[in-house]
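K.L.:
Here you go, one structure.
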Amino acid sequence: MTFTKPGQLIANGVAAAVVIFLLTRITYGDLPRLPQLAGATLLLIALVDLVLALVMRPRVKRRPGTEPLDGPTAARAVALAKASSMAGAIMAGVWIGLGAYLLPIVGTVEAAQGDMVAAVIGLVSAAALIAAGLWLEHCLRNPDEPEEPYDDED
């Protein structure tokens, strides 16, 4: 497994933004109003990631008085970290795509004002999930491995 690369997150976020912008353009009039806290549920996952990072980091660093982290548990946590940052990037793209559609009409369409607030809350929550996922992944790095892999010199 490799570390999450910023390009992967950006590419998925941009793709989600484009798709949602186009879908919203076609169907916005038929959609129900968004709940203001629709995106805030991402904060719960970010909180889980942060708690896991705080609990597992001393175990990964092999600090005195802590039990070493076993391989399967570490692998599951790394998978959660990578999935969290990717889900956060995709959801950030969703909220950006929605916001890009709403921004020009927010002054003229009443429903767009409330939906814009939901989009901002969702975007902030998605950014928190990206950060928490990347932090968890960072905390789970093996202290015996170098930061960057060695280049093969032949």
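The values are calculated or read from the model by the stated rules, or taken from the named source; none is laboratory data. Owing to the predicted nature of the structure, the values given are computational and were not obtained by experimental measurement. Glycine gets a Cβ as well: all are built from the backbone with ideal geometry, and neighbour counts include every protein chain shown. Surface accessibility is based on the protein's heavy atoms, side chains included, excluding ligands, DNA and RNA. Shrake-Rupley method; radii C 1.70, N 1.55, O 1.52, S 1.80 Å.
Conditions tested, residue by residue: (1) modelled with pLDDT of 95 or more; (2) crowded, with 22+ Cβ neighbours inside 10 Å; (3) in contact with a Phe, Trp or Tyr (Cβ under 8 Å, 6 or more places away or on another chain); (4) in a helix (DSSP H, G or I).
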site: Met91; (1), (2), (3), (4): yes, yes, no, yes
site: Asp115; (1), (2), (3), (4): no, yes, no, yes
site: Ala126; (1), (2), (3), (4): yes, yes, yes, yes
site: Ile130; (1), (2), (3), (4): yes, yes, no, yes
site: Glu148; (1), (2), (3), (4): no, no, no, no
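K.L.:
Within the stretch 56-74, work out how many residues are without any contact (Cβ under 8 Å) to a residue 40 or more places away in the chain and either assigned to a helix (DSSP H, G or I) or closer than 14 Å to Trp135 by Cβ (or both).
P.N.:
The number of residues fulfilling the criteria is 5.
K.L.:
Out of all the residues in the stretch 101-113, which are in a helix (DSSP H, G or I) and open to solvent by 50 Å² or more (accessible area, probe 1.4 Å)?
P.N.:
Within the stretch 101-113, Leu103, Pro104, Glu110, Gln113 qualify.
K.L.:
Looking at (1) among the small types (Gly, Ala, Ser); (2) surrounded by fewer than 12 Cβ atoms within 10 Å (Cβ to Cβ); (3) under 30 Å from Asp115 (Cβ atoms), find the lone condition where Gly65 falls short.
P.N.:
(3)
K.L.:
In addition: Of the numbered conditions (1) buried (at least 16 other Cβ atoms within 10 Å of the Cβ); (2) out of contact with any Leu (no Cβ under 9 Å at 6 or more places or on another chain); (3) over 30 Å from Leu22 (Cα atoms), Ala77 satisfies every one except a single condition; which is it?
P.N.:
Only one criterion in (1) buried (at least 16 other Cβ atoms within 10 Å of the Cβ); (2) out of contact with any Leu (no Cβ under 9 Å at 6 or more places or on another chain); (3) over 30 Å from Leu22 (Cα atoms) is unmet by Ala77, namely (2).
K.L.:
Tally up the residues in the stretch 133-143 that are over 12 Å from Val78 (Cα atoms) and assigned to a helix (DSSP H, G or I), please.
P.N.:
Residues meeting the conditions: 0.
K.L.:
Let me ask you something else. Of all residues in the stretch 1-43, how many are assigned to a loop (DSSP other than H, G, I, E, B), over 14 Å from Trp95 (Cβ atoms) and open to solvent by less than 80 Å² (accessible area, probe 1.4 Å)?
P.N.:
Taking the stretch 1-43 and keeping what is assigned to a loop (DSSP other than H, G, I, E, B), we get 1-5, 31-37.
So of that shortlist, the ones also over 14 Å from Trp95 (Cβ atoms) come out as 1-5, 31-33.
The next check asks that each one be open to solvent by less than 80 Å² (accessible area, probe 1.4 Å); those that pass are 3-4.
Qualifying residue count, the stretch 1-43: 2.
K.L.:
Additional query: I'd like to verify a number: residues in the stretch 103-123 that are without any contact (Cβ under 8 Å) to a residue 40 or more places away in the chain and among the aliphatic types (A, V, I, L, M), how many?
P.N.:
Residues flagged as without any contact (Cβ under 8 Å) to a residue 40 or more places away in the chain and among the aliphatic types (A, V, I, L, M) within the stretch 103-123 amount to 7.
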